[in-house]
Amino acid sequence: MRKPHLGILVKPASWDCNMACDYCYYRGVGALYEGVERPRMSPQVLDALCQQYRELEPSEMKIGWQGGEPTLMGLEFFPELIKAETRHARPGECWGNSLQTNGVLLNDDWCAFLARNRFLVGLSVDGPAQLNRIRTFPNGRPTHEVALRAADLLKKHGCEFNILVVISAANVEHPEEVFRFMVENEFHFCQVIPCTEPGGGRELTEHSISADQYGRFMTRLFDAWVDNDDPGFYVRDIDNWLHLYYGLSPECCEYRRDCSNLITIEWNGDVYPCDFWVSKRYRMGNVLERTLAQMLQSRPWRRFVADAQHRPAVCRDCEWLWACQAGCYRHRAKLGLGADQRPYLCSAKKRIFSHVFRKLDELRARPGTARLCKFLSELEQKVSAGAFGRPLSAGPDSASEPRSVAPASGRNDLCPCGSGRKFKNCCMKRVGAPG
């Protein structure tokens, strides 16, 4: 079996962590492994997952090492990881590794190793100190200075890294301050994720945010990025919005049509379809008992993909379905929303796409030499020249062969299919998976 676009997240120390962030969605995983106090991945599980992943013949072999806190495995685990990957690689092949960490244990030895082996590091920090207050040690001590120290060490050793910002009640009203924090600290790469975790039933926790808050945060963050006029500062969502705007396939699973290109492997070899769905219902098996190839044909996997791919009835005629794909399954089912109820972040996504794409239309039409306008112009030229491959095509309801939607079309421009209608009222509704 081949699975060319599959990526995997590995939790070598599972839920175990040396911090105690109140909003952490992964702490509850420990309940699945009752009686285990110190989950740690064995050499047997490590070797099995590397071998089985390679046997799926992915076009790019990428593993994300996450937690909990994966550095609790100790630095000695990671050279063995490199050996296992090398052992199962074919001549000339290279594995890509990323590491998501809170930075507590990072020192010169760690950072030298990560830089030497070209790990992409994600460092968790939610903004300046006053906005990072939820991220604490078990004794309540703040962690902000620890994160900044880790960032300095990563820079010192030339290790590529980004920051991961959780949007919670602590920082949701301060997107400009979060972006300013990026710029002032020369954090050129950032991704943000909303805290929408349920606290019981459909009730949210005290740290969770509403759809209205999320919509305001993301549009103001985008405006801050535009006002900064420096495309050298990368925000993952903004990059995906640009992909969508120019008719390219989005990179983030949240904006794609299905959830079939990522799996999560726990410390003991248990496999789940996503790290937001580590539950008995969706357990696919264990790498010491079955192969990944077998698990990707199993009933739990098929059930998850089908559940996640379902589009609620209220979404099917929405002008933004092509862009939001009804949102992340996590933001529906984990909040107790039924299969045909409105997704939790629906109003936020409508606000975001309407605001962002209108602003991009304005930027494309604006003369001048501003850095951002120049960047967008060059990007448009590259897309038009096919530098990024074939653009997204119209959906399966097209009258004839799928027609490429010209990536240079703004939502208020005439549709390039020749219908005479505006792009937003024609093919933009139907743009879906890559052609």
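The values are calculated or read from the model by the stated rules, or taken from the named source; none is laboratory data. This is a predicted model, so every value here is computed, not measured. We place every Cβ from the backbone using ideal geometry, glycine too, and count neighbours over all the protein chains shown. Side chains are part of the model used for accessible areas, which takes the heavy atoms of the whole protein and leaves out ligands, DNA and RNA. Shrake-Rupley method; radii C 1.70, N 1.55, O 1.52, S 1.80 Å.
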Which cross-chain or sequence-distant (5 or more) residues have an amide H under 5 Å from the amide H of residue 163, H modelled 1.01 Å from N in plane? 123, 189, 190, 191
Count charges around residue 324 for me, please; just the other residues with Cβ under 10 Å from its Cβ, Lys/Arg as +1, Asp/Glu as -1. +1
Multiply the residue gap between residue 380 and residue 347 by 0.36 nm, knock off their C-alpha separation, and tell me the result in nm, one decimal place. 9.0 nm
Accessible area per residue in Å² at 1.4 Å probe, computed on the chain: 44 Å²
Excluding residues on the same chain fewer than 8 positions from residue 350, give the aspartates and glutamates whose Cα lies under 17 Å from its Cα. 212, 223, 237, 254, 317, 319, 361
Taking Cα atoms, how many degrees apart are the long axis of helix 236-245 and the longest axis of the chain, rounded to 10 and kept between 0 and 90? 30 degrees
How large is the convex hull of the Cα atoms of segment 100-141 per residue, expressed in Å³ as a whole number? 88 Å³
Give me the tail of P(r) for segment 162-270 as a percent: Cα-Cα pairs with distance above 19 Å. 55 percent
Members of 11/334; 83/156; 83/280; 11/83; 334/359; 280/334 lying beyond 23 Å, as alpha-carbon distances in this model show: 83/156; 83/280; 334/359
Which order, highest average first, do 81-94, 10-23 follow once you tally other Cβ atoms within 10 Å for each residue and take the mean per peptide? 10-23, 81-94
For residue 207, what charge total do you get from the other residues with a beta carbon under 12 Å from its beta carbon, if Lys and Arg give +1 and Asp and Glu give -1? -2
Can you figure out the FRET efficiency of residue 93 with residue 227, using R₀ = 56 Å and their beta-carbon distance, to the nearest 0.05? 0.80
Once you put a point 7 Å from the Cα of residue 387 and another 7 Å from the Cα of residue 366, both along the Cβ direction, what distance in nm separates them? 2.1 nm
Can you compute the modelled spin-label distance between residue 251 and residue 297, with each label point 7 Å from Cα toward Cβ, in nm? 3.4 nm
Rounded to the nearest 10, the angle in degrees between the Cα long axis of helix 144-156 and the longest principal axis of the Cα atoms of the chain comes to 80 degrees
Provide the gained length on full extension for the span residue 34 to residue 280, in nm with one decimal, where the gain is 0.36 nm per separating residue minus the Cα-Cα distance. 87.2 nm
On the accessible surface of the chain, probed at 1.4 Å with all protein chains in place, carbon and sulfur together account for a percent value of 49 percent
